[in-house]
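Below you'll find the structure, written out as structure tokens, and then a few comments.
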Amino acid sequence: MRFPHEARRDVQVRYVAPSCMGGFAWFTIDFEPLAEGRLGFEFVNPLGPDEIDPECAQALREGILLWLIGAARSELVFDRPSLPTNMELERGVPVRQEAGSGLIALRAVLRHSRMHEVDSLPWTHVRAGWRAADKGLLGADAAEDPRDRALRH
């Protein structure tokens with residue numbers, strides 16, 4: 001059995017964590033199953049560096065993968081679990097327990113991103129990526145997060 005079973009489109013995260021270290025991530029992402037028979041995790045970023053810094057994009061990927069393997073929100077800053085390699089993912093890595101059963105077979109496609117020149121940092125994108133997976137792949141069962149809210153400009 002593979003995870004996810006169906007696509008989740010237009011998952012929007014506006015993550016704001018006021019602090020002296022910054023904390024801003026705003027993006028839209030699609031989650032879709034890989035082609036039939038394939039296992040693994042693909043992160044597709046067609047955006048340029050004006051829309052998302054390459055380091056932040058890599059951090060976003062890591063946040064999604066941390067959610068998939070079952071990392072708790074409290075593990076995102078210190079003592080992160082090791083991420084599986086691409087080879088391990090292609091052989092089959094179980095998805096987090098709350099998501100049900102199955103092996104990871106996911107493509108995440110970044111559709112839109114907005115950066116802040118000071119406050120968009122990799123650590124923020126790790127947390128926002130974790131939140132996007134929680135929100136997009138658990139849907140209504142996702143935990144509420146006050147930092148994920150609409151911004152008024």
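The values are calculated or read from the model by the stated rules, or taken from the named source; none is laboratory data. Source: prediction; values computed, not measured. For neighbour counting, all protein chains shown are included, and Cβ atoms are generated from backbone atoms with ideal geometry for every residue, glycine included. Remember, those area values only see protein heavy atoms, side chains included, never the ligands or the DNA or RNA. Shrake-Rupley method; radii C 1.70, N 1.55, O 1.52, S 1.80 Å.
How high is the relative contact order of the chain? Use alpha-carbon pairs under 8 Å, at least six apart in sequence, and give a whole percent. Dividing the mean separation by the residue count of the chain yields 41 percent. The alpha carbon gyration tensor of the chain gives principal lengths a ≥ b ≥ c with a/c of 1.5 or higher and a/b greater than b/c, which makes the shape prolate.
The local environment of Ser74, defined by Cβ-Cβ distances under 12 Å, has a net charge of +1 under the rule Lys, Arg +1 and Asp, Glu -1.
When Thr85, Thr28 are compared by accessible area of protein heavy atoms, the largest-first order is Thr85, Thr28, using a 1.4 Å probe. Measuring with a 1.4 angstrom probe and ignoring ligands and nucleic acids, Val77 comes out at about 70 Å² accessible. Accessible surface of Glu55, taken over heavy atoms with a 1.4 Å probe and every protein chain present, rounds to 130 Å².
What does the accessible area per residue of the range 1-133 come to in Å², with a 1.4 Å probe and no ligands, DNA or RNA counted? Dividing the accessible area of the range 1-133 by its residue count gives 50 Å². Residues His125, His112, sorted by accessible area with the largest first, give His112, His125 [1.4 Å probe; ligands and nucleic acids excluded].
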